[in-house]
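Visitor: Provided herewith is a single structure, encoded as structure tokens, for subsequent inquiry.
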Amino acid sequence: MGDIEIELQVNGEASRAAVPPRLTLADYLRERCGLTGTHLGCEHGVCGACSVLLDGEAVRACLVFAVQANGREVTTIEGLGGPDGDLSSVQAAFRDHHGLQCGFCTPGFVVSVTAFLRDNPDPTDQQIREGLSGNLCRCTGYQGIFAAVRAAAGESTTAVAVGGSGTDPGS
Amino acid sequence: MTTIQTGAARYTGTRVHRVEDARLLTGRGTFVDDVTRPGMLHACFVRSPFARARIGAIDASAALALPGVRAVFTAADLNPGVHEQWYTSMGKNVPDTPRPAMAEGEARFVGDPVALVVATDRYVAEDAVELVDVDYDPLPPVVDYATAQGGDTLVHEAYAGNVAGSLGGPPSDDLTAALDNAAHDVHLTIHQQAYAPVPMETRGLIAEWSGDELTVWTATQAPHEVRMFLARVLGIGEHQVRVIMRDTGGGFGEKVIPMREDMCIALAATKLPAPLKWIEDRRENLLAAGMSRHEHGDVRMGIDDEGRIVGAYIDHTQDIGAYPAPWPVGTAAAVGMLFPGPYRVPLAGFRTTSVFSNTSARIAYRGPWQFESLAREVLLDIAARRIGMDPIELRRRNLLQRDELPYANANGMPYSDVTPAETLDQALAMLDYDAFRREQAEARAAGRYLGVGTCTYVEPTTTGMSYYGTEGATIRIEPSGKINVYVAGGSTGNSLETAVVQLTADALGADIADVRTIQGDTAVTPFGAGTGGSRSGSMLAGAVRETASLLRAKLVAIAAHQLEASPDDIELTESHARVRGTPTASVSLARIADIAYFKPHKLPPGIDVGLEASARYRAESPTIWANASHVCTCEVDVTTGAVTIDRYIVSEDCGPMINPNVVEGQIAGGSVQGIGGALFEHLVYDEDGNPLATTFMDYLLPTATDVPVIEYGHIETPAPGPGGFKGVGEGGAIGAPPAVVNAVADALAPLGVEITRLPLTPAAIVDLIESAR
Amino acid sequence: MKPAPFDYHAPTTADEAVGLLAELGDTAKLIAGGQSLVPMLALRLAVFEHLVDLGRVGDLRGVEHVDGSVRIGAATTQATVERSADVAAAVPLLARATPLIGHFQIRNRGTVGGSLAHADPAAEYPAVALALDASFEILSPGGRRTVPAADFFDGLWSTALGDDELLAAVTFPVWTGRCGFAVQEFARRHGDFAIAGAALAVELGDDDRVRRCAIGLLGLGSTPERATAAEEALVGAGVDDVDAEEVGRLAVSALDAVPSDLHGSADYRRRVGAAMVTRAWRAASEEARRG
């Protein structure tokens, strides 16, 4: 069997291609659609860096074959912000709370958190942690990420710090 | 949390938004795997399935017959292309350990690259890898470094007894006498397991030839070292190589130098008509990107009746795998030199021995010498318990006080500008140590096991030796008044772009929105040693200061001429030059730039056209010392062995902070890596030398449910050098393992448990509890 | 880390899927959510010439009440089960096991049937199905047969399903009366396969005596296990007279194939398994007593 014709919606646009069955959705998005924000951190479904929304649900794009997404809607990190580059509330919360450092895992977190908060608008701290536990980050120790999700969920958190000159003279 | 607005008087020291975030949050970053070149081919390595095997014939005919496969290279094809192979950080003349591009003659660990397949895409390349037929003749491997020393089975024939080198020696007679005669002579062996940096982005590069120029896109902490190294390997001029990195997804030491696969790809690209890309997959990363931390120490400490340390000695042995990178012998000395830590230790000594094994290479990892803190701090807790003294009290009797500084430790390390007693006090106050001890006693009465552990360390940062001793910056105020600052780059999550923009905006009195930075392209940035050794903050601050001072003088001169004021009265602020005390008398940076570029007749005498400057900063001291105290509390479930960390406090003195968010982010990331090392991560091999943790299902990184809220305390003692800044990148990973181990040991102390071996898996904890019964 | 090539088939009915299996034989593998299969394909630990995708088979999805039981289509996602008020009310043990499976992104794809047919001995659903005596509806070209859970799991990652058979649905009995349910497991990290765990259901009589008790064990054998000795000891006992720790000890006493790996020896797993049974008993019996 050769390539299979597929047609799906990616970030609201129709995307058509003939693909080999073994092509993962993650590679389809990166290589065929040029949407390189979906990152490959493990390619075996653990790290969550490749998370995308498939018909609105957060999934690991390395564990879905592109042919399985035929006829479905995919939203990637590139499709979450506003058309003018405006940040979504989740993206803005990550920026405001130092929720990213190297930024490699970030798209997966932002996509997952977007779905998580839609389904759990008023999460407890423990629910947030469990919601984040399917995405790995090696830079932040999850501190800024947790704070960002807490804030994006509508409840501000107080940073714990003693001493230091970490003041905000400008605002 | 609030962040400051543009136009503020001073950005340094504040929590400004990061300039990197807009692209990274929207999926518009450029990591190496995001780069595509016309006609690009894809590489995949054939790796040894044996820990040690003689490599016989390699038959690639079936692989080459597969549609889409363009080439299969072996050592015979690539290794003769290596001209010179050495790291700038180490220099040419260290007695370096072997580092062939491709395994030649013998494969020396599971994962050793034996052949390289090049194909039109990675899928096909992986298909072809399965078709390359390698005739292996398995040999008995050296799996356990701890028993390898002096053995007859050798990893490298040239290294008798499998020893790459040893530094230091037995304890002096004085030290031996002091230990023998001490009221308390505590002697232990402490073991740490292999774990690794594991950045979320694996390694990778693209090598593209254009005429006699090589362009390399790569994931690196040090683009200029990649350029120098590859130029030497290929035997071409440094100026024929351009290395580009935009976003790199974490490094933590793994990407501080190019490694064997980088050599192979660069060499293979010379034989191909198209660009060649290699992106390491996660299994390769856990198999072959290297390991760290695998070591043990026989440690001995003498303590007198009053709880004063009279002497300390460590005999340290480290696993260096088959092909360590860089040369591991010299760096191991830091373990011995720093073993006395921030304590008054009148007599000390060390020996450190680097031993080969048929396993993955020892590589740099965030605080490569951190075993000194693990060994010392675990020893101190055990000593305190044996003496019957509170471990905090034992530390307080020995911690160096501010009025004792500067202080050379017994191995000659010259500490200055550190505050170990203050950070410990601050962290314990944040915890409320006495209240915790009361809570612990109540819990114990109820059959629950709570514990507290600490670690206090001093850390050399910003080491100013040779390669690392200088850093350059170029600043261009463009004709419009917008500013670009060029530095070497190598940012891997440590926010070097933001830091440089903050520093430059302040140095030039510019609105931060007017400043951008260009990093990570050797064609356009000044030479620099990249990020590593907790050096970037101080060195970049120095580079920006040196360069900006040239431009400041020019801006002031032009403005003074324009405003008919004395240069002494000109201040630069909010992208304007103003006459102090006369708010209406001002000229914008844009106007000054317009004059500098387009209206040379308006320049004061002696001032050149243009607004661009380059300068280099030379480190003002050989080392900048930083310090911190970590305090961890936990609860141990004595049935399952599960450890729950309750509170985690870090009091750090990294001097004044350029950006507290970045500082705290570094502390948090490092601490959680250390927690991972203490509790979860283990790059384990079986007795035949087969790695057992080559996926993220087996190599367990901490997740959001495994980590506590980290509480930060800051003490800001200025260091010598620009801004008084110290390094902060590595410390978290140094302080966390001992704090966690000590907390668990404290929780289990009523059961008679002593902990001297990592990692503390639940099963290991249950074993300890059962053995203590 | 890319899978080897395969041909892809996307049937739209269960019969069509079974027909493909019959035609393709053991060169074909069913893929449902793919959350266990695709990693094995990516690592090339498994290679199949054909994948038959159940993702477009509508008649394998859904939760319905049938004759006092709850029937769940095999291709129903774990996320659907997690959100189902029906399942939460009628089969609490299944509902409570669900959030322990992987992470929410995994449960969005992972299916009930996929988890059961994959038959990982450390997975939650097999232990729950075994404890509750669920029945498995199996479709083959020859028709439909029903297999009790006790006969379904026959070895490590091995089930009663033939090469040309497909798991169509699983039916869980509904426990009524003074019941309590608990799933307790211990994993290295949240979402990991458990080192050991227990799914426990108990029903008390009005006299506070145990009328029935079902205990499924996970991670403690080459298949999910049933703690028969403990169950038998409990039935008829007064709930206040039960020594919870003894229940745990008894539950692991007869196990003879406890695995040993990186994360713990067989002895360690047995100890953790006993503790999980003890904790599950305490929670479930307390709930039943209140009920």
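Visitor: Could you say which residue among C:Ala229, C:Ala251, C:Ala214, C:Ala257 is part of a strand (DSSP E or B) and of a type in the set (A, V, I, L, M)? Can you show your working first?
Guide: On the way: C:Ala229 fails: part of a strand (DSSP E or B); C:Ala251 fails: part of a strand (DSSP E or B); C:Ala257 fails: part of a strand (DSSP E or B).
Being part of a strand (DSSP E or B) and of a type in the set (A, V, I, L, M) holds for just one of C:Ala229, C:Ala251, C:Ala214, C:Ala257, which is C:Ala214.
Visitor: For the stretch B:672-694, which residues satisfy the criterion of being of a type in the set (S, T, N, Q) and crowded, with 20+ Cβ neighbours inside 10 Å? Give the derivation first.
Guide: Of all residues in the stretch B:672-694, those of a type in the set (S, T, N, Q) come to B:673, B:690, B:694.
B:Gln673, B:Thr694 - these are the residues of the stretch B:672-694 that are of a type in the set (S, T, N, Q) and crowded, with 20+ Cβ neighbours inside 10 Å.
Visitor: Which of the residues belonging to the stretch C:1-52 are among the hydroxyl-bearing types (Ser, Thr, Tyr), over 30 Å from B:Gly204 (Cα atoms) and part of a loop (DSSP other than H, G, I, E, B)?
Guide: In the first step, residues of the stretch C:1-52 are kept if they are among the hydroxyl-bearing types (Ser, Thr, Tyr); the result is C:8, C:12-13, C:27, C:36.
Remaining after also requiring over 30 Å from B:Gly204 (Cα atoms): C:8, C:12-13, C:27.
Answer for the stretch C:1-52, where residues must be among the hydroxyl-bearing types (Ser, Thr, Tyr), over 30 Å from B:Gly204 (Cα atoms) and part of a loop (DSSP other than H, G, I, E, B): C:Thr12, C:Thr13.
Visitor: If you go through the stretch C:217-225 one residue at a time, do you hit one that is surrounded by fewer than 15 Cβ atoms within 10 Å (Cβ to Cβ) and not hydroxyl-bearing (Ser, Thr, Tyr)? Before the answer, list the steps.
Guide: Restricting attention to the stretch C:217-225, the residues satisfying the condition of being surrounded by fewer than 15 Cβ atoms within 10 Å (Cβ to Cβ) are none.
No, that holds for no residue.
Visitor: Only one residue in C:Asp206, C:Asp192 is farther than 30 Å from A:Val46 by Cα and either over 14 Å from the mean Cα position of the chain (by Cα) or in a strand (DSSP E or B) (or both), so which one is that?
Guide: Working: C:Asp192 fails: farther than 30 Å from A:Val46 by Cα.
On inspection, the qualifying residue turns out to be C:Asp206.
Visitor: Examine the stretch B:706-725 for a residue that is under 30 Å from A:Cys62 (Cβ atoms), more than 9 Å from every other protein chain (Cβ to nearest Cβ) and under 22 Å from the mean Cα position of the chain (by Cα), and state whether such a residue exists.
Guide: no
Visitor: I've got another one for you. Of these, B:Thr147, B:Thr218, which one is of a type in the set (Ser, Thr, Tyr), out of contact with any Phe, Trp or Tyr (no Cβ under 7 Å at 6 or more places or on another chain) and either within 14 Å of chain A (Cβ to nearest Cβ) or within 20 Å of B:Gly297 (Cβ to Cβ) (or both)? Outline the logic, then answer.
Guide: Numbers: B:Thr218 fails: either within 14 Å of chain A (Cβ to nearest Cβ) or within 20 Å of B:Gly297 (Cβ to Cβ) (or both).
Being of a type in the set (Ser, Thr, Tyr), out of contact with any Phe, Trp or Tyr (no Cβ under 7 Å at 6 or more places or on another chain) and either within 14 Å of chain A (Cβ to nearest Cβ) or within 20 Å of B:Gly297 (Cβ to Cβ) (or both) holds for just one of B:Thr147, B:Thr218, which is B:Thr147.
Visitor: Also, I was wondering about something else. Scan the stretch B:26-38 and report the pairs whose first residue is free of Cβ contacts under 8 Å to residues at least 60 places away in the same chain and facing chain A (nearest Cβ under 7 Å) and whose second residue is of a type outside the set (S, T, N, Q) and surrounded by fewer than 18 Cβ atoms within 10 Å (Cβ to Cβ), with Cβ atoms within less than 7 Å and a gap of 6+ or a chain change.
Guide: B:Thr26/A:Gly85
Visitor: If the requirement is being under 19 Å from B:His191 (Cβ atoms), facing another protein chain (nearest Cβ under 8 Å) and touching a residue at least 24 places away in the same chain (Cβ under 8 Å), which of these qualifies: B:Phe696, B:Phe680? Lay out the reasoning, then the answer.
Guide: Details: B:Phe696 fails: under 19 Å from B:His191 (Cβ atoms).
So the residue among B:Phe696, B:Phe680 that is under 19 Å from B:His191 (Cβ atoms), facing another protein chain (nearest Cβ under 8 Å) and touching a residue at least 24 places away in the same chain (Cβ under 8 Å) is B:Phe680.
Visitor: Give the residues of the stretch B:684-693 that are away from chain A (no Cβ under 14 Å) and either aromatic (Phe, Trp, Tyr) or not in a strand (DSSP E or B) (or both), sorted by residue number. Let's see the steps before the verdict.
Guide: Step one: list which residues in the stretch B:684-693 are away from chain A (no Cβ under 14 Å), which gives B:684-692.
Those that are away from chain A (no Cβ under 14 Å) and either aromatic (Phe, Trp, Tyr) or not in a strand (DSSP E or B) (or both): B:Val684, B:Tyr685, B:Asp686, B:Glu687, B:Asp688, B:Gly689, B:Asn690, B:Leu692.
Visitor: Being touching a Phe, Trp or Tyr at 6+ places or on another chain (Cβ under 7 Å) and crowded, with 24+ Cβ neighbours inside 10 Å narrows it down to one of B:Ala107, B:Ala103, so name that one. Walk me through it before giving the result.
Guide: Numbers: B:Ala103 fails: touching a Phe, Trp or Tyr at 6+ places or on another chain (Cβ under 7 Å).
From the options B:Ala107, B:Ala103, the qualifying one is B:Ala107.
Visitor: Further question on the same structure: Within the stretch B:670-683, how many residues are out of contact with any Asp or Glu (no Cβ under 8 Å at 6 or more places or on another chain) and either part of a loop (DSSP other than H, G, I, E, B) or of a type in the set (Asp, Glu) (or both)?
Guide: The qualifying residues number 3.
Visitor: Give me the residue from the stretch B:512-523 that is of a type outside the set (Ser, Thr, Tyr) and crowded, with 20+ Cβ neighbours inside 10 Å and, out of that set, nearest to B:Val587 (Cα to Cα). Step through it out loud before you land on a result.
Guide: Step one: of the stretch B:512-523, the residues of a type outside the set (Ser, Thr, Tyr) are B:512-516, B:518-521, B:523.
Then keep just the ones that are crowded, with 20+ Cβ neighbours inside 10 Å; that gives B:512, B:514-515, B:519-520.
Numbers: B:Ile512: 18, B:Asp514: 15, B:Val515: 18, B:Gln519: 30, B:Gly520: 34 Å.
Filtering first and then ranking leaves B:Asp514.
Visitor: Still on this model: Tally time: how many residues in the stretch C:10-60 are facing chain A (nearest Cβ under 9 Å) and either more than 18 Å from A:Val59 (Cβ to Cβ) or not basic (Lys, Arg) (or both)?
Guide: Filtering the stretch C:10-60 down to residues facing chain A (nearest Cβ under 9 Å) leaves C:10, C:31, C:33-43, C:50-51, C:53, C:55-56.
Adding the requirement that they be either more than 18 Å from A:Val59 (Cβ to Cβ) or not basic (Lys, Arg) (or both) leaves C:10, C:31, C:33-43, C:50-51, C:53, C:55.
Going through the stretch C:10-60 one residue at a time, the tally reaches 17.
Visitor: Continuing with the same structure: Could you list, in sequence order, all residues of the stretch A:88-127 that are within 7 Å of chain B (Cβ to nearest Cβ) and under 13 Å from the mean Cα position of the chain (by Cα)?
Guide: Residues of the stretch A:88-127 that are within 7 Å of chain B (Cβ to nearest Cβ), as a first pass: A:91, A:94-98, A:100-107, A:110.
Within the stretch A:88-127, A:Gln91, A:Phe94, A:Leu100, A:Gly103, A:Phe104, A:Cys105, A:Thr106, A:Pro107, A:Val110 qualify.
Visitor: Being more than 8 Å from chain A (Cβ to nearest Cβ), crowded, with 22+ Cβ neighbours inside 10 Å and closer than 30 Å to B:Gly752 by Cβ, is that true of even one residue in the stretch B:655-671?
Guide: no
Visitor: Which number in (1) under 22 Å from the mean Cα position of the chain (by Cα); (2) within 22 Å of B:Gln426 (Cβ to Cβ); (3) small (Gly, Ala, Ser) marks the one condition that B:Gly677 misses?
Guide: Status for B:Gly677: all satisfied but (2).
Yes/no per residue for (1) assigned to a loop (DSSP other than H, G, I, E, B); (2) within 14 Å of chain A (Cβ to nearest Cβ); (3) crowded, with 17+ Cβ neighbours inside 10 Å:
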| position | (1), (2), (3) |
| --- | --- |
| B:Ala158 | yes, no, no |
| B:Asp185 | no, no, no |
| B:Ile190 | no, no, yes |
| B:Met200 | yes, yes, yes |
| B:Val233 | no, no, yes |
| B:Arg242 | no, no, yes |
| B:Asp247 | yes, yes, yes |
| B:Met263 | no, no, yes |
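Visitor: Same structure again: Of everything in the stretch B:547-575, what is in a helix (DSSP H, G or I), surrounded by fewer than 21 Cβ atoms within 10 Å (Cβ to Cβ) and in contact with a Lys or Arg (Cβ under 9 Å, 6 or more places away or on another chain)? Give them in sequence order.
Guide: B:His561, B:Gln562, B:Leu563, B:Asp568, B:Asp569
Visitor: Select, from B:Ile645, B:Ile667, the only residue that is outside any loop (DSSP other than H, G, I, E, B), of a type outside the set (D, E, K, R), in contact (Cβ under 8 Å) with a residue 12 or more places away in the chain and over 25 Å from B:Gly251 (Cα atoms).
Guide: B:Ile645
Every number here is computed from the coordinates shown, using simple stated rules; none is lab data. The model shown is predicted, which means the values in this text are computed figures rather than measured ones. In this analysis, Cβ positions are derived from the backbone assuming ideal geometry, glycine residues included, and neighbour counts consider all displayed protein chains.
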